[in-house]
């Protein structure tokens, strides 16, 4: 397994699995901002179709200001509809914001506000807005501890991502303590994927297991 120190290097590793001039479909769940700290923007510049999914209105507004499409949703394991979503002040909302901020230290030290968002499975969102898509080249999920919910809400057999970038925060770093880390590993195995690289200790790059 390949290991690199820079978490932003995940996109470079993912790109290596595709021909240089290839233009595929990149689904970015928890897209954040369209350029700042974005994995998918590099692929946008290469001509890929970026399906950005992000629940925070201020981030979605930045997409629209730049003329980039964005789907304003949170992704969940089941179709919920309107629900609460907690936004953490850290890094302008990029860190820890999720349905519920799970980390105790974050809750104690940072300001958290609650907003209302629309939450649906990734299946439902794709079927509503991109019914023509039947395959995903890269699936990128960064939703602060709820990555497993996103994966459970996707028909892996139908969309069969070639590469997945999953943020899987360690369990022992204090500020970022992930209660679902081991459950994610079990689910990777269940759906037939394996980790081929790790960037920055948190971004796991996955490919289908070789048969």
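The values are calculated or read from the model by the stated rules, or taken from the named source; none is laboratory data. Remember, predicted model here, so these are calculated numbers, not experimental data. Heads up, the Cβs are rebuilt from the backbone with ideal geometry, glycines too, and the neighbour counts pull from every protein chain shown.
Quick one: which residue in 98, 114 is modelled with pLDDT under 90, under 22 Å from residue 180 (Cβ atoms) and either touching a strand residue (DSSP E or B) at 6+ places or on another chain (Cβ under 9 Å) or surrounded by fewer than 17 Cβ atoms within 10 Å (Cβ to Cβ) (or both)?
Being modelled with pLDDT under 90, under 22 Å from residue 180 (Cβ atoms) and either touching a strand residue (DSSP E or B) at 6+ places or on another chain (Cβ under 9 Å) or surrounded by fewer than 17 Cβ atoms within 10 Å (Cβ to Cβ) (or both) holds for just one of 98, 114, which is 98.
Would you tally the residues in region 128-153 being out of contact with any helix residue (DSSP H, G or I) (no Cβ under 8 Å at 6 or more places or on another chain), part of a loop (DSSP other than H, G, I, E, B) and surrounded by fewer than 17 Cβ atoms within 10 Å (Cβ to Cβ)?
Here the count works out to 3.
Is it the case, given these coordinates, that residue 165 is touching a helix residue (DSSP H, G or I) at 6+ places or on another chain (Cβ under 6 Å) and surrounded by 23 or more Cβ atoms within 10 Å (Cβ to Cβ)?
yes
Any residue at all in region 187-198 that's without any contact (Cβ under 8 Å) to a residue 40 or more places away in the chain, part of a helix (DSSP H, G or I) and under 24 Å from residue 18 (Cα atoms)?
Scanning region 187-198 turns up at least one residue that is without any contact (Cβ under 8 Å) to a residue 40 or more places away in the chain, part of a helix (DSSP H, G or I) and under 24 Å from residue 18 (Cα atoms).
Residues being in contact with a strand residue (DSSP E or B) (Cβ under 7 Å, 6 or more places away or on another chain) and either at pLDDT below 85 or within 20 Å of residue 154 (Cβ to Cβ) (or both): count how many of those fall in region 185-201.
Qualifying residue count for the region: 6.
From 33, 22, 9, grab the single residue that is loosely packed, with under 15 Cβ neighbours inside 10 Å and outside any strand (DSSP E or B).
22
Confirm whether residue 14 is in contact with a helix residue (DSSP H, G or I) (Cβ under 9 Å, 6 or more places away or on another chain) and over 27 Å from residue 82 (Cα atoms).
yes
Kindly provide the set of residues from region 119-147 that are within 13 Å of the chain's Cα centre (by Cα) and in contact (Cβ under 8 Å) with a residue 60 or more places away in the chain, ordered by number.
122, 138, 139, 140, 141, 142, 143, 144, 146
Within region 36-65, take every residue that is in contact (Cβ under 8 Å) with a residue 40 or more places away in the chain and in a helix (DSSP H, G or I) and give me the one that is farthest from residue 167 (Cα to Cα).
57
Determine which single condition residue 107 fails, assuming it passes every other condition in (1) surrounded by 13 or more Cβ atoms within 10 Å (Cβ to Cβ); (2) modelled with pLDDT under 95; (3) within 25 Å of residue 164 (Cα to Cα).
Only one criterion is unmet by residue 107, namely (3).
So residue 130 clears everything in (1) under 18 Å from residue 77 (Cβ atoms); (2) at pLDDT 95 or above except one condition, right? Which one?
(1)
Going residue by residue through region 36-46, is there one that turns out to be under 18 Å from residue 125 (Cβ atoms), at pLDDT 95 or above, crowded, with 17+ Cβ neighbours inside 10 Å and touching a helix residue (DSSP H, G or I) at 6+ places or on another chain (Cβ under 8 Å)?
Yes, the conditions are met somewhere in region 36-46.
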